[in-house]
Amino acid sequence: MFSNNRYLTKGIQTEIPLELQIFMWECIDKVSEPKDYLQVFNLEALEGVQRISHSSEEPEYKMEYLMPSEAPITQKVYVIDDGDHSTMLLAEEY
């Protein structure tokens, strides 16, 4: 799962900095198999820090990351693998 072609929606391209996009793909790559087809990232802006909470339901998975950021953002991101391709999208685009 998640080893096929990867796509971004317009919302991701305009709202999420490239370094965060790459970081989220790397987080998914690090999860051991089996992986849920839906990976969820909650991005939260703290003072000078980006909090990234990564989770999935089946199997249950939770990991949290903190990284320094001059411009942290608050956003919810889904990454969905439909078997043919993987798509990263803002929750509001679902």
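The values are calculated or read from the model by the stated rules, or taken from the named source; none is laboratory data. All values reported here derive from a predicted model rather than from experimental measurement. Cβ sites come from the backbone with ideal geometry, for glycine too, and all protein chains shown count toward neighbours. Calculation scope for accessible area: heavy atoms of the full protein, side chains included, ligands and nucleic acids excluded. Shrake-Rupley method; radii C 1.70, N 1.55, O 1.52, S 1.80 Å.
Please determine, by comparing only the residues of the stretch 53-71 that are of a type in the set (A, V, I, L, M) and part of a strand (DSSP E or B), which one is least open to solvent (accessible area, probe 1.4 Å).
The residue in question is Met67.
Being within 11 Å of the chain's Cα centre (by Cα), open to solvent by less than 20 Å² (accessible area, probe 1.4 Å) and not hydrophobic (A, V, I, L, M, F, W, C) is true for just one of Gln39, Gln50. Which residue is that?
That would be Gln39, the only listed residue that is within 11 Å of the chain's Cα centre (by Cα), open to solvent by less than 20 Å² (accessible area, probe 1.4 Å) and not hydrophobic (A, V, I, L, M, F, W, C).
On the given criteria, is Glu33 open to solvent by 50 Å² or more (accessible area, probe 1.4 Å), more than 17 Å from Asn4 (Cβ to Cβ) and out of contact with any His (no Cβ under 8 Å at 6 or more places or on another chain)?
Taking the combined requirement at face value, the residue does not satisfy it.
Are any residues in the stretch 7-30 open to solvent by 90 Å² or more (accessible area, probe 1.4 Å) and not in a helix (DSSP H, G or I), and if so, which ones?
Scanning the stretch 7-30 gives a single hit, Tyr7.
Of the residues that make up the stretch 42-57, is at least one in contact (Cβ under 8 Å) with a residue 40 or more places away in the chain and of a type in the set (Ser, Thr, Tyr)?
no
Can you name the residue in the stretch 72-84 that is open to solvent by less than 60 Å² (accessible area, probe 1.4 Å) and of a type outside the set (S, T, N, Q) and is also farthest from Glu47 (Cα to Cα) among such residues?
My answer is Gly83.
Quick test of your reading of the structure: Glu93 fulfils all but one of (1) over 22 Å from Arg6 (Cα atoms); (2) surrounded by fewer than 17 Cβ atoms within 10 Å (Cβ to Cβ). Name the failing condition by number.
(1)
Before we move on, is Glu92 part of a loop (DSSP other than H, G, I, E, B) and more than 13 Å from the chain's Cα centre (by Cα)?
The answer is no for Glu92.
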